[in-house]
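Undergrad: Structure in structure tokens, see below.
The values are calculated or read from the model by the stated rules, or taken from the named source; none is laboratory data. Computed from a predicted model, the values in this text were never measured in an experiment. Using ideal geometry, Cβ is built from the backbone for each residue, glycine included, and neighbour counts are taken over all protein chains shown.
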Amino acid sequence: MRTKAALLAAALLLASSASGEVFASQAEALAAAFPSARIEKRSVLLDDAQARAVEQRARAKLESRVATLHTAWRDGRAVGYAFIDVHNVRTLPEALLVVITPDGRVAQTRMLAFYEPKDYQPPARWLKQFDDRALTPDLRVGGTVHGIAGATLSTRAVTDSVRRALALYAVLVAPSAATENVAHAESR
């Protein structure tokens, strides 16, 4: 099983190929997603139960049991979360940044790198259809997600990536956020 780091390294090695392109570094993408915020990076090794829960909720296979959660902070409050998902579309990798609001909805989805032929790359306009979406059964190609003719594998890969990020949020962030909210309400 390849790790996200290995896939990202492979993606960067392919950067010199004519068919691939890196659009933004991890640091650039996070800074653009969370201007003037302090970003905290935490790697989590998912246990068996967490990995199963993520895959069941996402209805998509995890590429790695190592998840990196980026939390953006302003004035002592979490203002958003981000996951970078690196995976193969058909035979070559793509990397996506999925930004999630504190209430578990997609704030934005941004392509960081794409190595399949350019014709198969989903445009930024298409990625916007994920904005303000939560993890629901209809968040799938053929449900609320429109496909792209001739780029079926790309659209499924992006949709699975967004679903994985939302499932990771549900497993890693939502339980602690609920506990923090209860503690905050009790301290009033």
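Undergrad: Test Val98 against the stated conditions and say whether it is more than 13 Å from the chain's Cα centre (by Cα), at pLDDT 95 or above and in a strand (DSSP E or B).
TA: Values: more than 13 Å from the chain's Cα centre (by Cα): no; at pLDDT 95 or above: yes; in a strand (DSSP E or B): yes.
Here the answer is no, as Val98 does not meet what is asked.
Undergrad: Only one of (1) assigned to a helix (DSSP H, G or I); (2) surrounded by fewer than 18 Cβ atoms within 10 Å (Cβ to Cβ); (3) hydrophobic (A, V, I, L, M, F, W, C); (4) at pLDDT 95 or above fails for Ala185. Which number is that?
TA: Status for Ala185: all satisfied but (4).
Undergrad: Residue by residue through segment 72-91, note down the ones that are buried (at least 18 other Cβ atoms within 10 Å of the Cβ) and either farther than 18 Å from Ala37 by Cα or over 13 Å from the mean Cα position of the chain (by Cα) (or both).
TA: The initial filter retains those residues of segment 72-91 that are buried (at least 18 other Cβ atoms within 10 Å of the Cβ), namely 72, 80-87, 89.
If the condition is that a residue be buried (at least 18 other Cβ atoms within 10 Å of the Cβ) and either farther than 18 Å from Ala37 by Cα or over 13 Å from the mean Cα position of the chain (by Cα) (or both), then Ala72, Asp85, Val86, His87, Val89 are the ones that fit.
Undergrad: Given the conditions (1) surrounded by fewer than 17 Cβ atoms within 10 Å (Cβ to Cβ); (2) over 12 Å from the mean Cα position of the chain (by Cα), report the number of the one that Arg105 does not fulfil.
TA: (2)
Undergrad: OK, next. Quick one: would you say Asp132 is of a type in the set (Asp, Glu) and closer than 17 Å to Gln56 by Cβ? Give the derivation first.
TA: Details: of a type in the set (Asp, Glu): yes; closer than 17 Å to Gln56 by Cβ: no.
Here the answer is no, as Asp132 does not meet what is asked.
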